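Written below as structure tokens is the structure these notes are about.
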């Protein structure tokens with residue numbers, strides 16, 4: 001934050017902390033308390049308002065997940081109430097900041113706090129939002145040393161939930177997300193900026209750099225036309241989907 005000018009701080013920072021644009025937030029504990037775990041699981045407490053929808057079955061059957069058409073996970077989720085943006089930053093002061101200053105302070109504030117701060121242009125967000133309507137699910141490999149861990153992704157804007165595929169395989173709808181992502185559209189029209197906040201729910205499962213990579217990579221599969229074809233295939237043509245194609249797109253070894 002030292003590189004930020006005093007003028008930016010004055011226009012954006014919520015006092016009393018002079019070095020931060022945002023309210024001071026407690027650093028999350030490495031291991032969530034039981035109540036935190038229950039709240040995290042509520043991300044996967046699902047509604048039954050879309051009864052005809054199901055997860056891409058062919059891939060999941062091959063992964064031995066045993067989903068059925070009536071799976072509650074397939075019908076949408078009831079998220080935690082998202083943290084209001086005005087509880088993170090001073091909205092009125094942020095309005096006076098340039099888009100560049102707002103993005104810079106937003107990113108810097110989240111470093112080292114168990115959160116990921118990012119941003120995107122409003123046009124890209126709207127494309128992501130549109131494409132996620134019909135393609136809400138995907139899988140990504142997270143490379144770890146000599147191999148990779150498969151991660152399962154559910155997009156239901158303004159949220160993205162990411163958990164380990166093996167955890168979901170074992171726990172189904174009771175699986176807790178490793179990472180939750182929220183998109184804030186408050187400045188989409190005025191500054192052409194959508195703020196993105198990633199919350200690492202279990203730091204024992206996911207590091208900050210891994211969470212940042214997952215957010216950026218998941219977005220790239222929805223925003224890049226070539227990669228999005230794999231997302232469409234996973235959701236709509238599951239018999240044709242090959243996980244090896246995802247590995248090749250990410251330049252990861254398949255064997």
Return the residue satisfying two criteria in turn: it lies in region 244-255 and is in a helix (DSSP H, G or I) and touching a strand residue (DSSP E or B) at 6+ places or on another chain (Cβ under 7 Å), and of such residues it is surrounded by the fewest Cβ atoms within 10 Å (Cβ to Cβ).
247
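Hey, can you tell me all the residues within region 108-130 that are in a helix (DSSP H, G or I) and at pLDDT 90 or above?
As a first pass, look at region 108-130 and keep what is in a helix (DSSP H, G or I): 108-110, 122-130.
Once the filter is applied, which keeps residues that are in a helix (DSSP H, G or I) and at pLDDT 90 or above, region 108-130 yields 122, 123, 124, 125, 126, 127, 128, 129, 130.
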Would region 221-234 turn up any residue that is assigned to a loop (DSSP other than H, G, I, E, B) and on the phi > 0 side of the Ramachandran plot?
no
Could you please tell me which pairs satisfy a Cβ distance under 9 Å, a separation of 6+ or placement on different chains, a first residue in region 207-218 that is closer than 13 Å to residue 178 by Cα, and a second residue that is modelled with pLDDT under 95 and surrounded by fewer than 18 Cβ atoms within 10 Å (Cβ to Cβ)?
208/111; 208/112; 208/113; 210/144
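Quick one: count up the residues across region 96-107 that are assigned to a helix (DSSP H, G or I) and in contact with a helix residue (DSSP H, G or I) (Cβ under 7 Å, 6 or more places away or on another chain).
The initial filter retains those residues of region 96-107 that are assigned to a helix (DSSP H, G or I), namely 99-107.
So of that shortlist, the ones also in contact with a helix residue (DSSP H, G or I) (Cβ under 7 Å, 6 or more places away or on another chain) come out as 99, 101-102, 105.
Summing the residues that are assigned to a helix (DSSP H, G or I) and in contact with a helix residue (DSSP H, G or I) (Cβ under 7 Å, 6 or more places away or on another chain) in region 96-107 gives 4.
Residues being at pLDDT 90 or above and not in a loop (DSSP other than H, G, I, E, B): count how many of those fall in region 168-199.
Going through region 168-199, the residues at pLDDT 90 or above turn out to be 177-199.
Pick out the ones that are also not in a loop (DSSP other than H, G, I, E, B) and you get 179-184, 188-191, 193-199.
Total meeting the criteria: 17.
The values are calculated or read from the model by the stated rules, or taken from the named source; none is laboratory data. Remember, it's a predicted structure, so these values are computed and weren't measured experimentally. Ideal geometry is used to build each Cβ from the backbone, glycine not excepted, and the neighbour counts take in all protein chains shown.
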